[in-house]
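The values are calculated or read from the model by the stated rules, or taken from the named source; none is laboratory data. Computed from a predicted model, the values in this text were never measured in an experiment. In this analysis, Cβ positions are derived from the backbone assuming ideal geometry, glycine residues included, and neighbour counts consider all displayed protein chains.
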Amino acid sequence: MENLEITNSIDPEDEKLLKKQKKIEKIEQEKNIVLNNVLSGNILDTRDRVAYILNGNSDSRNSDIELAWAYWSTFENEHFNGTYVTKTLLLSLTKIATISRWRAKIQNEYNLFLADPEVRQYRGKLEEDFKEQAITHRAPNNKSYFVYIDETGKNQRFISVGSFWLLNYSNKNYLYMNDIKDWKKHSGIDYEFHFKDVKPQKLDHYKTFIQLFLSKFPENSFKTIIIDSRGLGDKHETIKELTYYLIKKGIEHENSTGRAPLPRRLSVFIDQDEKSKDTLKIEFIKDRLQSHNIDGLELGDFEAIDSKSNFNIQIIDLFTGAINRKLNPTDGDRNVKDELADFILNLLNINVEEYINDTLQMDTAKVFNLDNVNG
């Protein structure tokens, strides 16, 4: 009998598509790691350090010289005093070429912390010798709004979307995050801070975390938008609208009060849920903001991020959880969640009952702006 050889062959085009898909997945995984490390202050290596500078320094996104200078000043200040560089010193610092390569990967592959459109055009079309000269024609502006958002109550009567606004970014922010991590480690705390998970034996730690966080970031703002959902249709669409409205009103408030005036770059980070829903929400918010065309507002990074090790997301989770506890109380006796809600809202000087009492006279959502909470 003639032997028949059976082979499993893969179409070259299919193989090419498979490799491309694996590369995309690998880049997406790396991107999420970098983003979460930067936003949680978990700075581990050169890539994280470059990304950290790019996140907080708009000029560094446009200029590798500015990027290297900020990198050395922040992470190698035991050698570099931010004034001058000698040949000997330059040899001891992280090389500009290394910093530049990571910047290119972060911006071009991860699509994070992008340069201004005209700079991206220069980098694509101009010779290397002329790039920095072209970039210096742009006025520097490192002012930003970093907004962290969470929502609650979509299956209850009152829906609220809360936000924490970090208004003055410092290159030392990661050190403040490390202080909180050190406190957690010293206290033997191995859990995240989420309102729904508070227990009587954890309450004191929750209170200390909140006070410690606010002491590290005193120049902040909490904002929430609340609406009575009775008669509303699609709750997910409602939350998208509320999130956009909260950001828009928040910008108007910060600008009009002179507390954090425009021009500024806006970066928005939402608590990670389902990828498809997160993507739709983010694109909706960006499109609405772009169509509104707010003078002096530049859109930065809009991403869904994991709450693990990210204290900004955890603090807004606690804030929205406290509001929801007051808006949608449960039957029965008071418990630890009620005590935590009272602690948070008293600390921030917000009276949620004000909304409940006025809701019958209101046709629209109500926005609370909570400024200078530690002032």
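Pairs meeting the criteria (first residue in region 154-173 and outside the structural domain of Asp228 (by TED's automatic domain parsing) and under 18 Å from Ser60 (Cβ atoms), second residue at pLDDT 90 or above and among the hydrophobic types (A, V, I, L, M, F, W, C), beta carbons under 7 Å, at least 6 apart or on different chains) are lacking. Checking each residue in region 334-367 for being among the acidic types (Asp, Glu) and at pLDDT 90 or above picks out Asp338, Glu339, Asp342.
Can you find even one residue in region 273-290 that is in contact with a Gly (Cβ under 9 Å, 6 or more places away or on another chain) and either under 28 Å from His194 (Cβ atoms) or in a helix (DSSP H, G or I) (or both)? Talk me through it step by step, then tell me what you get.
Of all residues in region 273-290, those in contact with a Gly (Cβ under 9 Å, 6 or more places away or on another chain) come to none.
No, every residue in region 273-290 fails to be in contact with a Gly (Cβ under 9 Å, 6 or more places away or on another chain) and either under 28 Å from His194 (Cβ atoms) or in a helix (DSSP H, G or I) (or both).
Restricted to region 61-85, and to residues there that are touching a residue at least 40 places away in the same chain (Cβ under 8 Å) and hydroxyl-bearing (Ser, Thr, Tyr), the residue that is surrounded by the fewest Cβ atoms within 10 Å (Cβ to Cβ) is Ser73.
Scanning region 199-214 finds no residues that are within 30 Å of Leu280 (Cα to Cα), modelled with pLDDT of 90 or more and not acidic (Asp, Glu).
For every residue, the table says whether it meets (1) of a type in the set (Gly, Ala, Ser); (2) assigned to a loop (DSSP other than H, G, I, E, B).
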{"site": "Pro218", "(1), (2)": "no, yes"}
{"site": "Ser221", "(1), (2)": "yes, no"}
{"site": "Ile251", "(1), (2)": "no, no"}
{"site": "Asn255", "(1), (2)": "no, no"}
{"site": "Arg265", "(1), (2)": "no, no"}
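Of the residues making up region 265-314, those that are of a type in the set (Gly, Ala, Ser) and either in contact with a Ser or Thr (Cβ under 9 Å, 6 or more places away or on another chain) or surrounded by fewer than 17 Cβ atoms within 10 Å (Cβ to Cβ) (or both) are Ser267, Ser276, Ser291, Gly296, Gly300, Ala304, Ser309.
For region 86-103, the condition of being surrounded by 21 or more Cβ atoms within 10 Å (Cβ to Cβ) and within 29 Å of Gln272 (Cα to Cα) holds for at least one residue.
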